[in-house]
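The values are calculated or read from the model by the stated rules, or taken from the named source; none is laboratory data. For clarity, every value in this text was computed on a predicted model and none was experimentally measured. We place every Cβ from the backbone using ideal geometry, glycine too, and count neighbours over all the protein chains shown.
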């Protein structure tokens, strides 16, 4: 086993462990922090593959943008420090079956492919990648990026609405409690 393989396996294991902790944590904030580390692990794999530009985009967009948006959304809700309830046995069984199905499906897809070593060098010029990201044509990625930005905007607005609803109920309940206390004192 070469050093390159060992580094890849370490980065992959780190990413998988962080992703597992992200979905299994009982507190939302901790889950977001584990997600941050999982995305940094993915960026590390990009760096290992000598895709520095894509790794930098991964860090700037996902780690610096998406995770920060998720953390702000968690803080907008009043349940950032509360423990989430444990999933029932049916959900655990369904999740385990979904994971096993995903592993089996991926293994069958990989087994059906014939991987051959390529002697052609991959073209990872930043200018070509930049043109592809800005292109709205067949090989471009501008439309998917815009769709994702609208999805993130909708998620943020939804979090704000949920936070305002919870905060409004608490204000009404505290005002009603204060009024009842005043009447009891009189």
Answer yes if at least one residue in the range 103-122 is touching a helix residue (DSSP H, G or I) at 6+ places or on another chain (Cβ under 8 Å) and modelled with pLDDT under 80, and no otherwise. no
Scan the range 79-91 and tell me whether some residue there is surrounded by 12 or more Cβ atoms within 10 Å (Cβ to Cβ) and either under 24 Å from residue 153 (Cα atoms) or under 17 Å from the mean Cα position of the chain (by Cα) (or both). yes
What residue, of 65, 44, is under 30 Å from residue 160 (Cβ atoms) and part of a helix (DSSP H, G or I)? 65
Search the range 70-87 for residues that are over 10 Å from residue 29 (Cα atoms) and pair each with any residue that is at pLDDT below 75 and part of a loop (DSSP other than H, G, I, E, B) when their beta-carbon atoms are under 7 Å apart and the residues are at least 6 apart or on different chains. none
If only one of 96, 25 is touching a helix residue (DSSP H, G or I) at 6+ places or on another chain (Cβ under 6 Å) and either farther than 30 Å from residue 124 by Cα or surrounded by fewer than 17 Cβ atoms within 10 Å (Cβ to Cβ) (or both), which one is it? 25
Taking the range 5-22 and keeping only residues that are surrounded by fewer than 16 Cβ atoms within 10 Å (Cβ to Cβ) and free of Cβ contacts under 8 Å to residues at least 40 places away in the same chain, one is left with 5, 6, 9, 10, 12, 13, 16, 17, 20
